[in-house]
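Visitor: Here's a structure for you.
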Amino acid sequence: MSTTRSTLRTHWVALRAMLVLTLLLGVGYTAVVTGIGQFALPAQANGSLVRDADGAVVGSALVGQSFADAEGAPLPEWFQPRPSAAGDGYDGGASSGSNFGPENADLVAAITERQAAIGEADGVAPGEIPVDAVTASGSGLDPHISPAYARLQVARVAEARGLPETEVSALVERFVQGRDAGYLGDPTVNVLQLNLALAELVGD
């Protein structure tokens, strides 16, 4: 009888500990962290959403998106992101790189094809095209391009929009983001934010 009572007592202690820890760590901790996030960093806590001039959500600053027609052809009036290997392109449910090695024949062929397409669209030689313009990121969802690739597209976008190159170039420079903490990574340009500012500039 004493053994049974001792076993029941042990189980009851374990059950109470589980309930208390569940409330503290499963509910309380989650509520506190969520509250801190909403108070201190509300934009980041809610997905870093990007809104247009009317307040409508058009995407996230953390996830890239394509600017192409129904057939997948890049639209000349928009700045283009880097290639994506995520699903059919920037598919948040299929984040992935190509997993091709640098000497893979398919990767080399894809890069050559992309260089030719960009060279024709932007009127530049293959050697002038930045690496990020022809290679996908590891996640396939990178929303950024290099300032060099953004600047390379200025002439095409300006012509397609009927805007002075100087005005489009100034817009690009306004959206160049420096290195994180001043020394981590490379300067970048968020394509969605840049294109949203471009749309507001021309009244789209």
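The values are calculated or read from the model by the stated rules, or taken from the named source; none is laboratory data. Note that this is a predicted model, so its numbers are computed, not measured. In this analysis, Cβ positions are derived from the backbone assuming ideal geometry, glycine residues included, and neighbour counts consider all displayed protein chains. Accessible surface areas use protein heavy atoms only, side chains included; no ligands, DNA or RNA. Shrake-Rupley method; radii C 1.70, N 1.55, O 1.52, S 1.80 Å.
Visitor: Counting only the heavy atoms of the protein chains, how much of ILE129 is accessible to a 1.4 Å probe, in Å² to the nearest 10?
Guide: Approximately 20 Å² of ILE129 is accessible to the 1.4 Å probe.
Visitor: With an 8 Å Cα cut-off and a minimum separation of 6 or more residues, compute the relative contact order for the stretch 1-155 in percent. If you can, show how the numbers build up before the last one.
Guide: Values: 159 pairs, mean separation 31.9, N = 155.
Computed over the stretch 1-155, the figure is 21 percent.
Visitor: Once R0 is set to 35 Å, what does the formula 1/(1 + (r/R0)^6) return for the Cβ-Cβ distance between ARG151 and ALA40, expressed as a FRET efficiency to the nearest 0.05?
Guide: On the way: r = 35 Å, r/R0 = 1.01.
Once the sixth-power term is evaluated, E becomes 0.50.
Visitor: Just checking my list [x] 90, 44, 38; [y] 55, 44, 32; [z] 62, 32, 29 against Cα extents along the principal axes in Å computed from this structure; which label fits?
Guide: [x]
Visitor: Here is a follow-up. Take the alpha carbon atoms of the stretch 1-34, find their center, do the same for the stretch 110-155, and report the distance between the two centers in whole angstrom.
Guide: 57 Å
Visitor: Equivalent ellipsoid semi-axes for the stretch 2-43, as square roots of 5 times the alpha carbon gyration tensor eigenvalues: give them largest first, rounded to whole Å.
Guide: On the way: eigenvalues 295, 4, 3 Å².
For the stretch 2-43, the semi-axes come out at 38, 4, 4 Å.
Visitor: Would you please name the GluC sites (Glu not before Pro) within the stretch 91-130 that are DSSP coil residues with at most 14 other C-beta atoms within 10 Å of their C-beta? Mind dumping the intermediate values first?
Guide: Values: sites: GLU103, GLU113, GLU120, GLU128; in loops: GLU103.
Counting only loop positions with at most 14 other Cβ atoms within 10 Å, the GluC sites (Glu not before Pro) in the stretch 91-130 are GLU103.
Visitor: Take SER6 and GLU165, extend 7 Å from each Cα along the Cα→Cβ direction, and tell me the distance between the two endpoints in nm.
Guide: It is 8.9 nm.
Visitor: Follow-up question, since we're still on this one. If each DSSP helix of 4+ residues adds -39,500 (n - 2.57) and the sum is divided by the residues in the chain, what number results at 222 nm, nearest 500 deg cm²/dmol? If you can, show how the numbers build up before the last one.
Guide: Working: 8 runs with 90 residues, N = 204.
Rounded to the nearest 500, the figure is -13500 deg cm²/dmol.
Visitor: At what distance in angstrom do the alpha carbon centres of the stretch 56-76 and the stretch 186-201 lie from each other?
Guide: Comparing the Cα centres of the stretch 56-76 and the stretch 186-201, I get a distance of 12 Å.
Visitor: Report, in degrees rounded to the nearest 10, the 0 to 90 angle that the Cα long axis of helix 105-122 makes with the longest principal axis of the chain.
Guide: Tilt of helix 105-122: around 50 degrees.
Visitor: Using a simple spin-label model with points 7 Å from Cα along the Cα→Cβ vector, what separation in nm is obtained for ASP204 and SER96?
Guide: With each label point 7 Å from Cα toward Cβ, the separation is 3.0 nm.
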